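Note sheet for the following structure.
Each value in this text was obtained by applying a stated rule to the coordinates, not by laboratory testing. In this text, all values refer to a predicted model and were calculated from it rather than measured experimentally. Methodologically, a virtual Cβ is constructed for each residue, glycine included, from the backbone with ideal geometry; neighbour enumeration extends over all protein chains shown.
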Amino acid sequence: MGIFAFKEDQSLGEVRSVETSRITIRVTDGQRLQKARVGRLVAIQSMGDEWLIGIIERVWRHPVELPTLNEGEVPKDLTTIQQEENGVAVSLVGTYRERDGERKDTFTRAVFSLPEINRLVFPIEEKSLEDFMGILSATSKSEAITPLKVGTYTLDGKATAYIDGDKLFQRHAALLGSTGSGKSFTVASILEQAAELPHANMIVLDLHGEYSSMDFAAHYRIAGIGDLKVKKDNAIFLPFWLLTYDEMQSVFVDRSGDNAPNQALALMDSVIETKRAVITALGKPELLEGFTVDTPVPYKIQDLVASLDAKNEEAIDTGESYASGPRKGQPKTEKGPLTGKLSRFLIRLKTKMNDRRYAFMYSAPAEYDTYESLHDLAIKLMGSGTAKDGVNSGIKIIDFSEVPSDILPVVVGLVARLVYQIQFWSDPGKDGDARHPVVIVCDEAHLYLPSQAASAGPLERRALENFERIAKEGRKYGVGLMVVSQRPSDVSTTILSQCSNIISLRLANKTDQAVVRQLLPESLEGLMEVLPTLDVGEAVVVGDATLLPTRIKMSKPKCEPRSATIPFWYRWARPKAPVDLAAAVENMRRQSRD
Ligand SMILES: Nc1ncnc2c1ncn2[C@@H]1O[C@H](COP(=O)(O)OP(=O)(O)O)[C@@H](O)[C@H]1O
Ligand SMILES: [Mg+2]
């Protein structure tokens with residue numbers, strides 16, 4: 001016996017049209033239409049013990065045009081004239097089988113056959129819903145090699161919702177929702193469960209320091225000005241020499257200037273020159289074989305500046321001397337090809353070098369100048385320890401809150417690129433299992449992965465390139481992305497469209513809703529109608545990681561992220577903590593809160 005034992009009078013209506021996985025149902029009894037609610041499930045028997053499962057997408061009740069009568073004509077029987085037409089549109093999502101070989105009660109996402117016209121359609125409710133959701137829950141738990149508990153189904157709060165932890169990250173995930181809809185809580189809850197695994201490997205790009213409360217994670221911070229004086233272990237410097245030529249160019253070369261090509265060439269020459277000198281001094285000639293301008297070896301920025309200065313001030317000896325005048329007897333010189341042409345560029349470069357907010361890049365402590373410092377950085381970023389005390393944890397939270405917003409994209413992009421490249425160059429091992437998979441959680445992705453509409457500048461484009469490569473190729477090398485954003489319409493569509501799993505919390509904005517809808521197969525668009533009305537922490541989950549595309553009430557994490565929401569009215573009503581505004585002004589002057 002299966003879980004469905006419907007009686008004919010329980011049916012909603014009968015199948016009226018079939019169009020691939022979308023069907024419409026004619027509901028003759030207007031009363032029964034009340035049972036049809038968008039998002040609810042229905043069952044249609046296709047063979048003896050096989051049922052098609054569908055989700056209600058649309059419900060309608062149209063008035064029917066009454067037949068026009070000739071004058072004087074009296075209708076025979078008023079009750080036989082239908083005044084309304086009731087219907088339901090359903091999207092088929094899978095097949096339930098009472099028996100499948102040895103196994104009983106199975107659900108798969110495949111739709112093996114389409115329903116016949118006039119088949120009865122039954123709403124799945126009450127006991128049958130409970131049973132069905134129980135099967136769904138058990139199947140998703142057992143089918144996934146690594147079930148990840150995300151919450152409970154909205155349809156039945158007693159059924160735990162599991163998703164497939166492998167599939168979720170293999171082809172990337174997007175976590176979308178307006179502010180305050182529960183994104184950070186969802187991230188925290190996933191992190192918490194990942195931390196239970198002995199070798200989890202996740203890097204969270206935390207833009208507001210929201211996740212500082214997660215005590216199971218390792219915490220790092222992109223260094224701020226305060227770190228120059230007092231050395232702290234968790235500060236990460238990203239020294240200048242890690243930048244690729246393209247990244248440097250996007251930071252320093254003013255593309256609008258006439259001299260841009262000269263500047264770019266000079267930068268290229270000087271970087272190559274400086275790096276070659278370092279490699280020779282290090283005694284590592286093997287690096288010269290595959291050498292490019294982007295080979296990451298540490299060099300001193302002062303050496304690069306010196307090389308550029310020399311080009312800018314170059315004076316070529318002509319071999320002649322002044323015969324008369326104040327400089328009589330001195331050698332005559334000619335301008336070099338770049339003499340004076342790099343002045344503006346050098347000013348730009350030096351201004352940035354002296355801007356203390358960029359300390360993490362231009363004023364990295366001496367230990368970052370060593371050849372081995374990149375090894376240490378790789379271990380910090382990608383090491384996956386087992387300790388839960390956070391020191392050696394595989395969950396790494398990197399706080400970017402002190403990074404100036406104008407170069408945030410480059411810095412975030414740099415971290416992502418390093419992770420991808422190190423993973424790419426890791427020995428895959430015999431079975432490919434020597435590469436340890438890693439996931440990058442990109443919080444507030446709209447800030448550094450902008451869509452074309454949000455007009456990406458050269459800095460953003462570099463970051464985008466790095467992330468797009470991960471989005472396209474990451475699966476092969478074990479780098480997954482989890483893109484988190486409150487403004488999906490401002491996030492690069494190239495990246496979003498590579499995300500096979502969408503977790504969408506409440507989304508109020510129409511443009512954002514449209515973006516999410518575009519990411520889904522057409523047959524599920526109806527499901528997205530609920531986006532603006534979802535409860536806090538409730539999400540529509542769609543993708544290959546979930547067995548049924550449906551609403552899930554996400555569970556709260558044990559360890560809550562520090563919410564960025566400040567309760568205004570409440571705080572105004574309470575006794576006030578002392579606020580030192582003078583100190584704030586001083587912090588602003590010093591650009592540090594320490
Ligand atoms: N799964 C959930 N269940 C219940 N309440 C939640 C849940 N997720 C979030 N909340 C509530 O909503 C608030 C905002 O959540 P948060 O994750 O910070 O939103 P976002 O990151 O999307 O701006 C939290 O402070 C919490 O009170
Ligand atoms: Mg948040």
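By the gyration tensor of its Cα atoms, with a ≥ b ≥ c the square roots of the eigenvalues, what is the shape of the chain: rounded for a/c under 1.5, prolate for a/b over b/c, or oblate?
Judged from the Cα gyration tensor, the chain comes out prolate (a/c at least 1.5, a/b above b/c).
Considering amide H positions built from the backbone, and no H for Pro or chain starts, which residues 5 or more places from residue 13, or on another chain, come under 5 Å of its amide H?
Answer set, sorted by chain and number: 121.
Kindly rank 99-107, 544-552, 468-476, 493-501 from highest to lowest mean number of other beta carbons found within 10 Å of each residue.
Most protected by this proxy first, the peptides run 544-552, 493-501, 468-476, 99-107.
Within the range 256-346, report the trypsin sites (Lys or Arg not before Pro) that DSSP leaves as loop and that have at most 11 other Cβ atoms within 10 Å.
Details: sites: 275, 276, 300, 311, 327, 328, 332, 335, 341, 344; in loops: 300, 327, 328, 341.
Within the range 256-346, the qualifying trypsin sites (Lys or Arg not before Pro) (loop, at most 11 other Cβ atoms within 10 Å) are 327, 328.
Would the range 245-346 count as rounded, prolate or oblate if I go by the C-alpha gyration tensor, calling it rounded below 1.5 in a/c and otherwise prolate when a/b exceeds b/c, oblate otherwise? If you can, show how the numbers build up before the last one.
On the way: a/c = 3.21, a/b = 1.63, b/c = 1.97.
Note, shape of the range 245-346 comes out oblate.
What are the ³J(HN,Hα) couplings of the range 503-514, residue after residue, when phi is run through the Karplus curve with 6.51, -1.76, 1.60 and θ = phi - 60°? Round to Hz, x for glycine and proline.
Taking θ as phi minus 60°, the curve returns 10, 10, 7, 4, 10, 8, 7, 4, 4, 5, 4, 5 Hz for the range 503-514.
Helix-only mean residue ellipticity at 222 nm, the chain, DSSP H runs n ≥ 4 weighted -39,500 (n - 2.57), per residue, nearest 500. What is it?
Value at 222 nm, helices only, nearest 500: -9500 deg cm²/dmol.
Can you give me the long-range amide H partners of residue 538? Hydrogens built in the peptide plane at 1.01 Å from N, cutoff under 5 Å, separation of 5 or more residues or another chain.
Amide H to amide H, under 5 Å and 5 or more residues apart or across chains, residue 538 pairs with 506, 554.
Can you tell me how the range 431-552 classifies by the Cα gyration tensor, rounded, prolate or oblate, using a/c under 1.5 as the rounded cut?
oblate
Restricting to the chain, compute how many DSSP beta bridges are antiparallel as a %, nearest 5.
If I count the DSSP bridges inside the chain, around 70 percent turn out antiparallel.
Taking Cα pairs under 8 Å and at least six residues apart, what relative contact order does the chain come out at, in percent?
Once normalised by length, the contact order is 19 percent.
Taking 30 Å as R0, compute the FRET efficiency from the Cβ-Cβ separation of residue 434 and residue 376 and round it to 0.05.
Efficiency, rounded to the nearest 0.05: 0.90.
Tell me the net charge near residue 118. Cut-off is 14 Å between Cβ atoms, residue 118 excluded, with +1 for each Lys or Arg and -1 for each Asp or Glu.
Its environment carries a net charge of 0.
Projected onto the charge dipole of the chain (+1 at Lys/Arg Cβ, -1 at Asp/Glu Cβ, origin at the Cα centre), which of 64, 277, 471 gives the Cα projection farthest towards the positive end?
Result: 277, furthest along the dipole toward the positive end.
Would you mind ranking 29, 233, 156 by Cβ crowding within 10 Å, fewest neighbours first?
In increasing order of surrounding Cβ atoms, one gets 233, 29, 156.
Could you run the Karplus curve 6.51 cos²θ - 1.76 cosθ + 1.60 with θ = phi - 60° over the range 263-280 and give me ³J(HN,Hα) per residue in whole Hz, x for Gly and Pro?
Each residue's phi maps through the Karplus curve to give 4, 4, 5, 4, 4, 4, 4, 5, 5, 4, 4, 5, 5, 4, 4, 5, 4, 5 Hz.
What is the calculated FRET efficiency for residue 343 to residue 302, with r their C-beta to C-beta distance and R₀ = 22 Å, to the nearest 0.05?
So, using R0 = 22 Å, E works out to roughly 0.75.
How large is ³J(HN,Hα), in whole Hz, for each residue of the range 56-61 in order, when computed from phi with the Karplus curve 6.51 cos²θ - 1.76 cosθ + 1.60 and θ = phi - 60°, using x for Gly and Pro?
Each residue's phi maps through the Karplus curve to give 6, 9, 7, 10, 9, 9 Hz.
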